[in-house]
Amino acid sequence: MTSETNPTIPNDAAQPGSARERLLDAAEALIYAGGIHATGVDAIVRQSGTARKSFYTHFESKDALVAAALERRDERWMNWFIAGTQRCGKSARKRLLGMFDVLREWFASADFHGCAFLNAAGEIESVDDPIRVVARKHKARLLDFVRAECDAFVAEAQIDARRAAPLARQWLVLLDGAIAVALVSGEADAALDAQTVGKILLDAAATPATQSAAKSAHACANTETPRAATKRPPSRRTTT
């Protein structure tokens with residue numbers, strides 16, 4: 001019996017793309033929408049249009065398939081996010097704040113289901129599990145990109161370079177926080193709320209330098225301005 005007479009029997013050769021790529025596509029789509037534990041191998045095989053033996057040919061387990069799918073998503077998501085950020089402006093400040101505009105576009109899409117890496121990490125208990133490892137690498141990679149933009153920002157604003165590292169970590173919290181709020185609330189404008197907080201963070205980062213300059217100017221002004229004469233009390237000495 002052929003697949004033409006019985007469409008429920010998959011025919012790998014009749015489907016576009018390799019069986020491995022189709023399994024990865026199906027795993028990513030199903031797990032992102034419904035979660036790892038709720039998605040069985042049979043559902044992945046069925047959606048991929050491959051034979052079940054193809055799954056075992058390419059992957060030793062469902063977890064291995066999920067980890068591979070997340071690795072591929074990491075590459076695609078980062079390329080999209082970096083390109084979108086770079087289009088937001090020539091200054092680091094504009095690019096940093098523009099990250100939230102990029103996220104808002106994603107939040108407003110019909111297939112937004114939060115951060116695939118946070119979702120996956122939340123389902124896996126062991127920190128050494130390959131899935132958790134991929135999720136951790138994704139966040140490290142995102143932090144590295146944010147840190148590069150923060151380095152550029154502190155250079156532009158002539159701020160102490162040591163401010164870049166904590167600012168980058170705070171920025172990552174804002175990005176992930178916006179994603180979480182958008183997922184739970186269904187409000188794409190969570191990105192704009194995070195952007196508002198981001199503006200406050202950037203202004204606060206520049207404040208110490210501004211205050212220092214103001215204090216220096218004030219000190220110089222006090223040095224150059226004659227002090228007001230102080231009246232002495234009348235002398236009690238008497239002339240003889």
Rounded, prolate or oblate, given the Cα gyration tensor of the range 56-166, with a/c below 1.5 counting as rounded?
prolate
Among 137/199; 62/137; 94/137, the pairs whose Cα-Cα distance exceeds 24 Å are 137/199; 94/137
In percent, what relative contact order does the range 63-218 have, based on Cα pairs under 8 Å that are 6 or more apart in sequence?
26
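Every number here is computed from the coordinates shown, using simple stated rules; none is lab data. For clarity, every value in this text was computed on a predicted model and none was experimentally measured.
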